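Novice: Below you will find the structure I want to go over with you.
The values are calculated or read from the model by the stated rules, or taken from the named source; none is laboratory data. Being a predicted model, the structure only gives us computed values, none of them experimental. Cβ atoms come from the backbone with ideal geometry, glycine included; neighbour counts cover every protein chain shown.
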């Protein structure tokens with residue numbers, strides 16, 4: 001059974017006529033993109049090509065942000081001596097890698113075989129993490145946490161923007177789950193940063 005997932009495609013009419021001639025005409029006129037549900041499961045869905053590109057762009061933006069965080073936390077872990085903090089940074093780096101992988105799968109399922117696989121600036125990290133290297137060099141725990149919190153601010157903002165976009169329900173569910181976990185990490189990093197400022 002066909003499932004309508006965007007307002008661009010009428011799959012029925014008021015006269016009870018067969019929807020298939022309308023479907024064929026719409027595919028020609030609107031250059032529709034057809035794909036299965038997320039990860040190849042679920043009912044088929046039809047998405048306007050322009051809408052499909054917008055969804056892919058949104059997901060690739062999140063992947064860039066996640067790759068920034070993955071690398072930022074990896075570097076931060078190398079700059080602290082506290083084993084608990086090092087473990088936290090390593091854990092969050094792996095989390096961002098996992099989240100990026102999930103969204104890359106969604107991009108592939110949307111029809112793009114080459115999802116984003118790099119941070120937002122080739123050869124360097126996003127400006128949200130740009131000062132982390134100097135903080136690491138100085139072994140400054142508070143400065144490292146401050147840069148991590150800045151990176152988390154950027155991640156929360158990126159997810160907030162993405163949640164405001166028109167996303168298919170299965171993809172929005174993935175993004176919403178990730179957004180909640182990113183917010184938890186943000187609050188934890190902020191609390192650690194504030195605690196070091198008081199010492």
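Novice: Considering only segment 74-88, state which residues are farther than 14 Å from residue 142 by Cα, touching a residue at least 40 places away in the same chain (Cβ under 8 Å) and either surrounded by 16 or more Cβ atoms within 10 Å (Cβ to Cβ) or in contact with a strand residue (DSSP E or B) (Cβ under 9 Å, 6 or more places away or on another chain) (or both).
Specialist: 75, 88, listed by residue number.
Residue by residue, here is whether (1) closer than 30 Å to residue 168 by Cβ; (2) modelled with pLDDT of 90 or more holds:
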| residue | (1), (2) |
| --- | --- |
| 88 | no, yes |
| 103 | yes, yes |
| 117 | yes, no |
| 124 | no, no |
| 131 | no, no |
| 157 | yes, yes |
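Novice: Can you pull out every residue in segment 170-198 that is without any contact (Cβ under 8 Å) to a residue 12 or more places away in the chain and either crowded, with 20+ Cβ neighbours inside 10 Å or over 14 Å from the mean Cα position of the chain (by Cα) (or both)?
Specialist: 184, 187, 191, 194, 195, 198 - these are the residues of segment 170-198 that are without any contact (Cβ under 8 Å) to a residue 12 or more places away in the chain and either crowded, with 20+ Cβ neighbours inside 10 Å or over 14 Å from the mean Cα position of the chain (by Cα) (or both).
Residue by residue, here is whether (1) in a helix (DSSP H, G or I); (2) in contact with a strand residue (DSSP E or B) (Cβ under 7 Å, 6 or more places away or on another chain); (3) within 19 Å of residue 66 (Cα to Cα); (4) at pLDDT below 95 holds:
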residue: 108; (1), (2), (3), (4): yes, no, yes, yes
residue: 142; (1), (2), (3), (4): yes, no, no, yes
residue: 161; (1), (2), (3), (4): yes, no, yes, no
residue: 173; (1), (2), (3), (4): yes, no, yes, no
residue: 177; (1), (2), (3), (4): yes, no, yes, no
residue: 183; (1), (2), (3), (4): yes, no, yes, no
residue: 193; (1), (2), (3), (4): yes, no, no, yes
residue: 196; (1), (2), (3), (4): yes, no, no, yes
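Novice: Filter segment 89-103 down to residues that are surrounded by 20 or more Cβ atoms within 10 Å (Cβ to Cβ) and free of Cβ contacts under 8 Å to residues at least 60 places away in the same chain, then give me how many there are.
Specialist: Summing the residues that are surrounded by 20 or more Cβ atoms within 10 Å (Cβ to Cβ) and free of Cβ contacts under 8 Å to residues at least 60 places away in the same chain in segment 89-103 gives 3.
Novice: While we're here: What's the number of the only condition in (1) modelled with pLDDT under 90; (2) closer than 21 Å to residue 161 by Cα; (3) under 17 Å from the mean Cα position of the chain (by Cα) that residue 60 fails to meet?
Specialist: Condition not satisfied by residue 60: (1).
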